[in-house]
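These notes concern the structure reproduced below.
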Amino acid sequence: MNLIEKLGLEKCKEIVDGAPAIANFYIPSKAGYTRMGSVLLDGAISLNDLRAAIADHDRTDYVSDIRNHLSPTTVVIEK
């Protein structure tokens, strides 16, 4: 399960948008931010990872393979 599925897209965007400029991690159990990397035992989430997950989610192309979206009986006619 990725971060978007775990927290929800809107919640992830709220976390990133609300982060102070110096913060590197978000701690869900405390609903707070920190710059320290030593809090990983508290279930801290890297803001960089969260930003990357949001960017990856936003650029996902669900229609990249059009063959998955056409009927098998569709015929292409060239003029």
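The values are calculated or read from the model by the stated rules, or taken from the named source; none is laboratory data. Everything numeric here is computed off the predicted structure, so don't read it as measured data. Every residue, glycine among them, receives a Cβ derived from its backbone with ideal geometry; neighbour counts consider all protein chains shown. Please note that ligands, DNA and RNA were not included when accessible areas were found on the heavy atoms of the full protein model with its side chains. Shrake-Rupley method; radii C 1.70, N 1.55, O 1.52, S 1.80 Å.
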Hits in the stretch 1-11 (condition: at pLDDT 85 or above and in a loop (DSSP other than H, G, I, E, B)) = 8
Under 6 Å by Cβ, and 6 or more places apart or on different chains, what pairs join a residue from the stretch 1-13 that is open to solvent by less than 40 Å² (accessible area, probe 1.4 Å) with one that is among the small types (Gly, Ala, Ser)?
-> 4/53
Restricted to the stretch 12-40 and to residues being modelled with pLDDT of 90 or more and of a type in the set (D, E, K, R), the residue nearest to the chain's Cα centre (by Cα) is 13
Taking only pairs six or more apart or across chains, which ones have beta-carbon atoms under 8 Å, a first residue in the stretch 44-55 that is free of Cβ contacts under 8 Å to residues at least 12 places away in the same chain and part of a helix (DSSP H, G or I), and a second residue that is open to solvent by 20 Å² or more (accessible area, probe 1.4 Å) and aliphatic (A, V, I, L, M)?
-> none
